1. Full-extension gain between B:PHE99 and B:GLN85, please, as 0.36 nm times their residue separation minus the C-alpha to C-alpha distance.
2. Between B:MET289 and B:ALA36, what is the FRET efficiency for a Förster distance of 60 Å, r being their Cβ-Cβ separation, to the nearest 0.05?
3. Mind listing P(r) for segment A:113-236? All alpha-carbon pairs, 10 Å bins, whole percents.
4. How many nm separate the modelled label positions at B:LEU28 and A:ASP133, each set 7 Å beyond the Cα in the direction of the Cβ?
5. For an R0 of 35 angstrom, estimate the FRET efficiency from the Cβ-Cβ distance between A:VAL18 and A:TYR288 and round to the nearest 0.05.
6. Put a dot 7 Å past each Cα toward the Cβ at B:SER202 and B:SER146; how far apart are the dots in nm?
7. Report, to two decimal places, the Cα Rg of segment A:1-204 normalised by 2.2 N^0.38 Å (N = number of residues).
8. R0 = 60 Å: FRET efficiency of B:GLN246 with A:GLN207, Cβ-based, nearest 0.05?
Amino acid sequence: MDHLRMILQYFQSNSESVMNGICGLLALASIKMYTCFDFSCPCLPWYNMAYGLGIMFVPPIALFFCGLILNRQSLVMLEEWRRPQGHRKKDLAVIRYMCSSILQQAMVAPVIWIIVTLLDGKCLICAFSDSVDPEKFVGFTNASPVQVQQLLAKVPCKDDELMRNNTSHKAVSRYLCCWSQALGWSILLILIMAAFLTRWFRPCFNQATLLQARHWSNYIDIEQKIFEETCCEHSQLFAHMCILHFFESMRQEIKLHNFSLPSEGEGDLLPGITDQDQMNKLLKMWYYEKPPLDVSQVTQR
Amino acid sequence: MDKFRMIFQFLQFNQESFMNGICGIMALTSAQMYSAFDFSCPCLPHYNLAYGLGILLVPPFILFLLGFVLNNNVSMLVEEWRRPQGQREKDRAVLRYMFCSMAQRAMIAPAVWVLVTLLDGKCITCAFCTSVPVETLGNASHPSLSQGEMKRVLARIPCKEIYDGQELIVNEVAIRYLRCISQALGWCFVLLLTTLAFLVRSLRPCFTQAAFLKSRYWSHYIDIERKLFDETCAEHARSFAKVSIQQFFEGMSTDLAAVRCHLPRKVPADAGEATEKLLGITDQGTMNMALKSWHRCKPPLQLHPPALPSGNSWAVEGQPPTHTPVPRRETAAYYSWV
């Protein structure tokens with residue numbers, strides 16, 4: 001019993017810590033990907049918005065799906081949801097609990113990407129540089145609307161020859177960067193407040209239901225693991241008996257055709273296969289005619 | 001049984017984590033190879049496309065094949081596919097499962113290469129620089145060049161130091177445009193792959209869970225059976241060799257006793273275990289003769305010779321192949337090692 005308890009505790013803690021570890025790794029991978037990524041705004045009127053918003057939203061979606069794929073519990077939850085009822089009723093509270101914990105874990109990396117993007121500011125500057133009101137900035141008043149559009153579109157490209165000595169573009173950059181960082185910090189604050197309130201007030205509502213849901217979701221996870229492990233053990237034993245049965249039937253066959261019976265001295269170690277031809281025959285038989293997947297005769301003894 | 005369970009758990013965990021480890025190493029190798037590779041665009045009109053697309057597509061194909069080569073379950077799959085049916089039916093679902101799981105693992109490194117290449121942008125810039133829309137990005141008032149001349153100028157966009165078309169289209173503008181397209185393609189590629197993987201993984205429990213469990217079990221079974229058979233053969237070979245060598249030494253000892261009458265015929269009862277193990281060979285000359293004989297005339301692979309040894313027979317079929325064994329109905333002895 002103690003062994004079983006230790007093993008169960010190991011599985012339980014291991015599964016959660018593994019999932020938290022994967023979550024953390026994805027978050028770090030998200031930050032690393034952003035720092036390695038070479039952001040290069042096209043500085044063309046319509047392309048800027050598409051590129052900027054694309055870089056802000058497409059990688060988080062991909063990271064979200066990655067988070068779901070790498071989470072083993074998502075498969076367990078789906079199986080539990082779609083299984084036929086059979087003899088075991090389905091508890092929707094358990095499925096809801098599992099779903100919410102999976103989604104929370106999967107959302108960490110995308111949110112980190114979005115926040116890092118906003119705090120860095122390049123994406124928003126690229127996306128919205130041609131949407132600012134040129135009246136607010138000196139240096140754009142003497143140009144025609146089309147030219148203003150083009151100039152504003154080139155603001156994110158500091159190395160462009162038109163922008164190098166232009167102070168107005170720096171003003172636009174700073175303006176957009178300020179908005180971007182404000183948005184980033186606000187989102188971070190809101191999320192942390194939400195997490196704090198949820199964690200603080202959750203025990204006040206439905207604590208008993210929550211404990212039950214958490215227990216049974218752990219149970220389903222452990223049951224799945226033990227089933228896979230038992231299948232592995234079973235196939236090991238099945239294979240073992242199948243092979244021994246095969247060797248024994250080769251021995252029977254040799255007995256039928258040999259007049260000199262093998263001596264019993266070697267016993268279990270050499271089941272009737274005592275020369276090269278017999279071994280070659282055995283190996284050939286193994287390839288050309290694998291034994292059927294049926295060891296019922298052996299187990300009925 | 002507890003010990004068995006722990007060993008099986010370790011083996012299963014080890015095999016999967018080993019394969020995942022290989023996947024991860026290949027993905028990192030792929031990224032590292034790209035960063036170490038010195039991309040150098042030829043900057044000539046038709047060569048650019050060939051070079052750019054070649055670098056984009058040929059290494060992933062090589063990495064995909066390498067993924068199969070490094071996977072030691074490939075031989076198991078091919079063996080199962082090509083074996084004669086015999087007494088055991090072949091299950092196509094199991095073969096499909098094995099192939100799919102191998103192909104999925106092998107696709108990771110090529111996908112990483114394509115992704116890194118697209119996000120970096122040099123390949124697409126090199127391949128498609130002659131297709132840049134000069135009318136929208138370039139200088140409309142520039143005197144028009146012939147098609148060939150235009151292509152020659154545009155082909156030099158990736159090579160900043162020899163680019164001579166600043167009046168036609170500014171180099172940075174073109175490179176930014178192409179890089180933007182390349183990165184957009186890269187991120188769309190990632191999104192497509194992850195969406196596909198997510199759909200495949202999440203739709204499976206909704207439709208074919210029972211069939212999947214069956215295929216997975218039997219594919220693991222085939223793997224385990226193969227390993228166990230190899231182990232059993234190895235043990236048999238060890239016992240065979242032991243008995244064979246023992247018989248050889250006994251034979252030598254008998255021969256020597258027949259030749260040299262003064263050697264004792266049998267070991268004295270009180271000589272002890274160590275003397276018994278010497279098998280009658282007690283001096284250097286005798287040992288040398290035994291070793292020479294082992295080299296010049298190895299004993300036949302037969303442990304119960306009817307009369308004298310009949311010489312080496314590596315490739316001779318001793319008995320004619322028998323008829324196919326009928327399904328065995330007799331009860332078999334059950335050797336239990338558990």
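Where a number appears in this text, it was derived from the coordinates with a stated rule and is not lab data. None of the values given here were measured: they were computed from a predicted structure. Every residue, glycine among them, receives a Cβ derived from its backbone with ideal geometry; neighbour counts consider all protein chains shown.
1. Full extension from B:PHE99 to B:GLN85 adds 3.1 nm.
2. 0.45
3. 11, 24, 15, 13, 12, 12, 10, 2, 0
4. For B:LEU28 paired with A:ASP133, the spin-label model returns 5.3 nm.
5. Computed FRET efficiency for A:VAL18 and A:TYR288 comes out at 0.20.
6. It is 5.8 nm.
7. Dividing the Cα Rg of segment A:1-204 by 2.2 N^0.38 Å gives 1.43.
8. So the FRET efficiency works out to roughly 0.25.
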